[in-house]
Amino acid sequence: MGCVHHLAAALVFALALAFAPRAAHAEELGAARLLSVSGPIDPVVARYVEREVGGAERDGAALVVVQLDTPGGLDASTRAIVQALLGSRVPVVVFVAPPGARAASAGMFVTLAAGVAAMAPGTEIGAAHPVSVGGGRLGSTTEAKVVHDAAAFARALAELRHRDGAWPERAVRESVSLTSDEAARAGVIDLVAADVPDLLLRLDGRAVPTASGDELLRTAGVSVEERPMLLSERVVRAISDPNVAYVLFLLGLLGIAAELYNPGALVPGTIGAIALVLALVAFGNLPIAWAGILLILLAIGLFVGELHSGSGVLAAAAVAALVIGSLMLYAPREPMSPAAPIRVSPVLVGVMASAVTAFFLLVVRATLRARRLAVQTGVPALVGQVGVATSDLAPAGTVRVEGEVWSAESGSGAIRSGERVKVVGAAGVVLHVTRLDGAGGEESWNRSLPTSS
């Protein structure tokens with residue numbers, strides 16, 4: 001009987017362990033992985049969060065803390081992050097911090113998707129009404145569809161994490177916001193913490209939902225491992241600024257044009273190629289309108305045409321195409337955009353349009369004019385110069401021109417030593433000259449040449 005009792009007790013203990021929340025012991029699972037997301041949520045941020053959250057289980061992280069400060073982001077990138085958080089087998093905490101930070105627009109959806117939603121004092125959450133990336137309205141029918149979809153998405157995320165679903169829906173429909181304390185009282189977030197160490201203390205002993213069930217956190221005194229973006233991601237994010245990408249694109253086109261008009265210079269072409277590649281990388285993370293790209297390329301072609309026509313009409317058309325294409329460069333097609341619209345600054349458009357115009361009409365035109373000038377060095381430069389015969393030319397002899405003695409042949413009859421001569425041509429290093437006071441010049445030289453029968 002004793003064995004039966006021991007076996008029953010062991011079975012009950014095993015079942016209790018199976019159904020109890022699993023403890024994530026810091027000494028077993030490692031450090032807390034801290035990610036930092038600031039600025040608009042874009043494809044670069046989405047890839048960063050997906051990579052770090054996906055690798056947390058493989059690397060044995062105790063939990064993942066996403067420190068968030070964002071004005072919003074693109075819909076596709078937001079949903080990619082949300083899916084990564086919902087699918088994580090490691091507890092994920094979204095912490096809106098430091099004080100003064102916000103989880104606006106798309107940031108609210110990311111916060112709602114976390115196993116634990118936390119905020120620092122002096123932060124805010126909400127204002128999630130969808131707008132176009134260009135900053136304008138979406139149109140009544142489209143806006144109604146997008147708003148209904150976003151409201152349902154917010155409510156579903158909140159209810160999935162057992163939080164209040166009514167207020168997130170209001171944040172979408174009415175663009176309302178809450179402070180950290182208000183959000184905690186309303187049940188929109190789980191807790192308020194002063195900083196990351198305070199957050200870890202407050203998380204200790206809390207059961208956090210994950211894709212594989214609830215995890216019981218033991219985070220008091222756990223070490224923190226900061227996981228910033230890779231250098232390549234930071235570079236791509238920096239050049240993915242709409243204005244930076246635009247400038248890189250124009251600099252790339254100008255550098256290649258300069259190389260084509262001055263072959264062998266290498267530096268303009270190299271810089272232009274690098275700038276153009278960087279611009280194309282940036283465009284891959286931005287909502288590009290191909291009509292804007294084509295108009296800018298058309299403007300460059302019209303400037304080239306103006307260099308060869310000089311009419312002024314093509315230059316005016318080129319400036320118009322450049323300005324319009326620049327303003328149309330980014331397409332307002334995706335909702336849930338950042339608070340700052342994705343577009344080129346009108347002031348920057350004016351500056352770059354002036355710079356491109358000056359480049360083609362002043363710099364390139366001056367280069368072409370210089371290339372068209374005749375070479376003014378060596379023997380050809382002596383044509384038209386006046387000298388003096390240093391020996392009798394009957395017809396061959398020597399002359400002094402520009403302080404140097406040259407072999408010469410006369411085309412105007414015999415020329416005595418000391419008479420003034422004019423250079424009318426050259427054959428190799430032999431000058432063709434005529435008597436200065438003689439008639440005919442080049443024609444008299446041609447008539448004096450022997451003819452073959």
- Message: Using a 7 Å offset from the Cα along the Cα-to-Cβ direction at both Ala317 and Ser417, what is the distance between the two label points in nm, to one decimal?
- Response: 6.8 nm
- Could you list Leu266, Leu160, Leu302 in order of exposure, starting from the residue whose Cβ has the fewest other Cβ atoms within 10 Å? Leu266, Leu160, Leu302
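Give the calculated FRET efficiency between Ala166 and Ile293 to the nearest 0.05, with a Förster radius of 45 Å applied to their Cβ-Cβ distance. Before the final figure, lay out each step's value.
Numbers: r = 44 Å, r/R0 = 0.98.
For R0 = 45 Å, the calculated efficiency reads 0.50.
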- 5 angstrom amide H check on Glu226, placed H, neighbours 5+ away: Leu34
- Task: Please express the Cα-Cα pair-distance distribution P(r) of region 239-372 as a list of whole percents, one per 10 Å bin, running from 0 to the bin with the greatest distance.
- Result: 13, 42, 32, 11, 2, 0
- Relative packing of 344-354, 409-419, 103-113, which averages over residues the other C-beta atoms within 10 Å, highest first: 103-113, 409-419, 344-354
- Task: Quick one: which residues, 5 or more positions from Val424 or on another chain, have an amide H under 5 Å from its amide H? H modelled 1.01 Å from N in the peptide plane, none for Pro or chain starts.
- Result: Gly384, His432, Val433, Thr434
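Please get the size of the charge dipole for region 83-216, origin at its Cα centre, with Cβ charges of +1 on Lys and Arg and -1 on Asp and Glu, quoted in debye to the nearest 20. Let's see the in-between values first.
Details: 12 positive and 15 negative charges, 67 e Å.
So the dipole magnitude of region 83-216 works out to roughly 320 debye.
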- Query: What number comes out for the charge environment of Val188, summing +1 per Lys or Arg and -1 per Asp or Glu over other residues with Cβ under 13 Å away?
  - Reply: -2
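Can you tell me how much longer the chain between Thr398 and Ala194 gets when fully stretched, taken as 0.36 nm per residue apart minus their C-alpha distance, in nm with one decimal? Walk me through the numbers before you get to the answer.
Numbers: separation 204, 0.36 × 204 = 73.44 nm, distance 9.77 nm.
Gain on extension, Thr398 to Ala194, equals 63.7 nm.
FYI, it's all coordinate maths here, none of it is from the lab. The structure presented is a predicted model; accordingly, all values stated were derived computationally and were not measured. Ideal geometry is used to build each Cβ from the backbone, glycine not excepted, and the neighbour counts take in all protein chains shown.
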